[in-house]
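Contents: one structure, followed by commentary.
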């Protein structure tokens, strides 16, 4: 039985127990029983406690982290039991929005934080990661995806040795399982490249934008890629404004071959072996008089063959261009639909599956497996004649393309667009069909044309006239049986010049009867405004931006009010032109095409391990900081007071003024913020509403699409997607709208009229 009486300890020894807690051990001075007391005493001073034993938690299972819930669902189904798949729902860490968040003085160290809305996500991922035996990071297969993987590892406190990076370019069962059998470490070169891009963009945006707010107007911004894109649009507009049309004429002759009923047109190409100079009607008239008297004979018939090869499968840029031309999609919409196709759709196969490969790529490479599958499909569907001897190889346009990536293609050509049509929304189906057709066509044989060129000589007493006619007919349809690329309206091809139907019986030495001469007046045309498609093409050709930047850039310059989209063409606004001019004057490097392209090359060098990102930052920042100081000191203040509209505020009687917001012009009270009355700005077009006689105004949907409606909405609900005309219908007197480039249509009687007859000045 133990004695519980408190007594002094004989021969006390200070020490620590197995858990590292301080204790004292001795014996009782009365009975000699061993004594043991908890707590720190003076005798423990200077003693080093033993290291506490590390509690080893038993880890079990495999955690997979992707970006989106849709992707998580599909990947989880492929991996099956033993895997827990979670979505980070995009980025989980970023620079603070409220400040620069880049320590310029400390080697441009970025200050990252987890936003409030992502803290619960990170908490869950951290908890799951601690319990998991293996952690797989599976964001998208690009620099941004690599960066997200690194941020996930840092935020969720995953040990680097346990963080396994997996990369797949298509979300199919075979591709996913193959990727998980070949995990790797996070590529810090790719992370640094993305980090450098983020820091660069932050330095530019957060340094220049406040200057524009102070000197010009609030809600303005500048950026490495967006400012260059704006420059291209503004310069094109000024080319158009400065353009002076030059008159010129052409002469065609309608000829009838001897013994043949059919006629054909031939164009005047030479006069006395010299190119004809036809600047005006006065020059043309005597030539026509002389040509009427000429004797015409076929002097040359040249037959040949022309092969037309298919286009390469899509890259991000070419997909955005073609979707714009063929489907009328904006770059933003195209990428959103492509994201859905990539992440997976339920197409009746028992779950979601990825329908296309990764849609952010600048490579035209195609895997051997995909090529073999396509070749087998083509042979079975169209026959061996449509299959080239060897699988075609395409050269990527972009000098810095990531060749390890693939082009955008269907994950399986066996998944015919018509098979999945019922499972996809119409717009997504159209985009999938476009991608499928383009890829299948890219693996097919070239189309073959029979070509025919005829030269006709007309002789008079004074001159010899050479006329030419060229035509072609399809000999072998080839890839055209599947797909034909949309015509680029901004580029005139050789095929556009002349493609005449020439009678089959035309031979050399054959006499020709002149049926008539057709003189035509022409004027040189200014360069066209950029469309989204042609702007993306121009940026890509200049080496500016990367696949992931095109769509956001186009959205930003329109959201800032720098550019408006009219009839699918991008037109700079006054504020856009003003900001561009200021950028050219005070930040010439930022808007210099070659400088911006070199920066992209520097980022590529970082990604390949050939450059250090901090050194690149230093090289950029020193001259840039000087430009910022100069702009702050010298840029003139051009802020203007809000423009009054001549009406009083119905709330407090203050003056109503025009202000500029995120979505452009709006009307508000001059006493803001005391009075918060606002109303939309209505751009009148000078046309009367056919319903109630009010003014028709130009409006925009939430997605930025232009339409026309009555100023008296909602009491009058008249709307039209097509631009109304001032001129009434010649037939019934009702409202005419522009139907297409050449025609106007009445909304009442549905009759169509040529625009050149209704409004001659609208036709170029």
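If we keep just the residues of region 549-576 that are in contact with a strand residue (DSSP E or B) (Cβ under 7 Å, 6 or more places away or on another chain) and part of a helix (DSSP H, G or I), which is farthest from residue 212 (Cα to Cα)?
Step one: list which residues in region 549-576 are in contact with a strand residue (DSSP E or B) (Cβ under 7 Å, 6 or more places away or on another chain), which gives 557-558, 561-564, 568-573, 576.
Filter once more, so that each one left must be part of a helix (DSSP H, G or I): 557-558, 576.
Working: 557: 15, 558: 17, 576: 12 Å.
Per the stated criteria, the residue is 558.
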Original post:
Do the conditions hold for residue 505, that is, is it touching a residue at least 60 places away in the same chain (Cβ under 8 Å) and at positive phi?
Top reply: no
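Regarding region 432-440, can at least one residue be identified that is within 16 Å of residue 269 (Cβ to Cβ) and in contact with a strand residue (DSSP E or B) (Cβ under 6 Å, 6 or more places away or on another chain)?
no
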**OP:** Kindly list the number of the only condition in (1) in a loop (DSSP other than H, G, I, E, B); (2) more than 30 Å from residue 247 (Cα to Cα); (3) in contact (Cβ under 8 Å) with a residue 40 or more places away in the chain that fails for residue 527.
**Re:** (2)
Original post:
Which condition number in (1) within 30 Å of residue 174 (Cα to Cα); (2) loosely packed, with under 13 Cβ neighbours inside 10 Å; (3) under 34 Å from the mean Cα position of the chain (by Cα) is the one that residue 80 fails?
Top reply: (3)
Subject >> Residues of region 207-233 classified as part of a helix (DSSP H, G or I) and touching a strand residue (DSSP E or B) at 6+ places or on another chain (Cβ under 8 Å), total >> reply: 2
**OP:** All but one of (1) crowded, with 22+ Cβ neighbours inside 10 Å; (2) within 18 Å of the chain's Cα centre (by Cα) hold for residue 325, so report the exception by its number.
**Re:** (1)
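Within region 100-153, which residues are outside any helix (DSSP H, G or I), exposed (fewer than 14 other Cβ atoms within 10 Å of the Cβ) and without any contact (Cβ under 8 Å) to a residue 40 or more places away in the chain?
103, 109, 111
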**OP:** Enumerate the strands (runs of 3 or more DSSP E) found wholly within region 1-97, keeping only those where 3 or more residues are modelled with pLDDT of 85 or more and under 30 Å from residue 147 (Cβ atoms).
**Re:** 62-66, 83-87
Original post:
Which residue, of 167, 199, 191, is touching a helix residue (DSSP H, G or I) at 6+ places or on another chain (Cβ under 7 Å), over 22 Å from residue 623 (Cβ atoms) and in a helix (DSSP H, G or I)?
Top reply: 191
Original post:
Any residue at all in region 611-633 that is within 20 Å of residue 561 (Cβ to Cβ), touching a residue at least 24 places away in the same chain (Cβ under 8 Å) and out of contact with any helix residue (DSSP H, G or I) (no Cβ under 6 Å at 6 or more places or on another chain)?
Top reply: no
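Scan 500, 579 and give me the residue that is closer than 25 Å to residue 635 by Cβ and either modelled with pLDDT under 90 or part of a helix (DSSP H, G or I) (or both).
579
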Subject >> Residues satisfying the stated conditions in region 550-579, i.e. on the phi > 0 side of the Ramachandran plot and surrounded by fewer than 18 Cβ atoms within 10 Å (Cβ to Cβ) >> reply: 567, 568
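Residue by residue, here is whether (1) surrounded by 13 or more Cβ atoms within 10 Å (Cβ to Cβ); (2) outside the structural domain of residue 508 (by TED's automatic domain parsing); (3) more than 43 Å from the chain's Cα centre (by Cα) holds:
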| residue | (1), (2), (3) |
| --- | --- |
| 236 | yes, yes, no |
| 251 | yes, no, yes |
| 255 | yes, no, yes |
| 268 | yes, no, yes |
| 278 | yes, no, yes |
| 282 | no, no, yes |
| 303 | no, no, yes |
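Residues are listed down the side, and each one gets a yes or a no for (1) loosely packed, with under 11 Cβ neighbours inside 10 Å; (2) modelled with pLDDT under 90:
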position: 632; (1), (2): no, no
position: 641; (1), (2): yes, yes
position: 656; (1), (2): no, no
position: 665; (1), (2): no, yes
position: 669; (1), (2): no, no
position: 682; (1), (2): no, yes
position: 692; (1), (2): no, yes
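The values are calculated or read from the model by the stated rules, or taken from the named source; none is laboratory data. Being a predicted model, the structure only gives us computed values, none of them experimental. So basically every Cβ, Gly included, is an ideal-geometry build from the backbone, and we count neighbours across all protein chains shown.
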